[in-house]
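The values are calculated or read from the model by the stated rules, or taken from the named source; none is laboratory data. The shown structure was predicted, so the numbers you read here are calculated from the model rather than taken from an experiment. With ideal geometry, Cβ positions are generated from the backbone for all residues, glycine too; neighbour counts draw on all protein chains shown.
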Amino acid sequence: MTDTLTTRLENCYSGAIYDVMRAMGRPNCVLPHEIVGLDAETRCCGPIFTLRGVAFDTERANEETDYLLPWVRFLSEAPAGHVVICQPNSPTLALMGELSAETLKYRGVRGYIVDGGSRDNSFIRKIGFPVFCKFRTPRDIVAKWVPDATGEPISIGDVLIRSGDYVLADFDGVVIIPAEIVEEVVTEVENVMAAEDKVRSAILSGTDPIDAYLEHGKF
């Protein structure tokens, strides 16, 4: 089920959100620019559900432990209507793949953003599940990585991310909106976009850019 804020946020874009948050004195809201969508059309937004994990120094395939079970448990817990954001603490492994993406999509998760890798990306694009990642690799997590927390605060770059905060990710990047100001931010972004529409209409009707800017205070 899509909440009202998510519906409104779907009509926004990351640049306007950043501009509004900068004006509010909260410019530290953008994830590292290396985290990008699988293609130019990849986009997602909504409330956040966080995931954190730990990588092993050496592969543990010979141990009598099912290292995939904690990951499958996460897939079962990820709430519908949310965007998962993962801090894997791994610079080499893929933290998303074909079956996981299909599972999350089927369960109503709106997207997945990871400060790490993704694999099976052609398939993920084909099914239309939004994934933002730092790199692509065939290296999976089996016997090399496990989740160690869900729903807990994480950091990516210098941005603090909490479950219940909101995210919008598009072709320009990923912006995080703290839960306590999301209503205010979305409302102001809607005002900004309305002003931009007026400037656009004025320019396309022949108004000089200076006059359009002075009248509407936006460019």
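Just for region 113-134: of the residues that are free of Cβ contacts under 8 Å to residues at least 40 places away in the same chain and aromatic (F, W, Y), which one is surrounded by the fewest Cβ atoms within 10 Å (Cβ to Cβ)?
Going through region 113-134, the residues free of Cβ contacts under 8 Å to residues at least 40 places away in the same chain turn out to be 116-117, 119-120, 122-123, 126-129.
With aromatic (F, W, Y) added as a condition, the list becomes 123, 129.
On the way: F123: 14, F129: 24.
In this case the residue turns out to be F123.
Working only within region 95-122, note down all residues that are assigned to a helix (DSSP H, G or I) and over 18 Å from V36 (Cβ atoms). Give the steps one after another, and end with the answer.
So in region 95-122, the residues assigned to a helix (DSSP H, G or I) come out as 98-106, 121-122.
Within region 95-122, E98, L99, S100, E102, T103, L104, K105, Y106 qualify.
When both residues are 6+ apart or on different chains and their Cβ atoms are under 9 Å apart, which pairs have a first residue that lies in region 136-165 and is closer than 13 Å to C86 by Cα and not assigned by TED's automatic domain parsing to the domain that holds N89, and a second that is of a type outside the set (D, E) and surrounded by 14 or more Cβ atoms within 10 Å (Cβ to Cβ)?
From residues that are closer than 13 Å to C86 by Cα and not assigned by TED's automatic domain parsing to the domain that holds N89, there are no pairs.
Give the number of residues within region 1-31 that are within 15 Å of the chain's Cα centre (by Cα), of a type in the set (A, V, I, L, M) and part of a helix (DSSP H, G or I).
2
Report, by residue number, each residue of region 14-35 that is surrounded by 19 or more Cβ atoms within 10 Å (Cβ to Cβ) and of a type outside the set (S, T, N, Q). Full working, then the answer.
Restricting attention to region 14-35, the residues satisfying the condition of being surrounded by 19 or more Cβ atoms within 10 Å (Cβ to Cβ) are 14, 16-18, 20-21, 29-31, 35.
Of everything in region 14-35, those that are surrounded by 19 or more Cβ atoms within 10 Å (Cβ to Cβ) and of a type outside the set (S, T, N, Q) turn out to be A16, I17, Y18, V20, M21, C29, V30, L31, I35.
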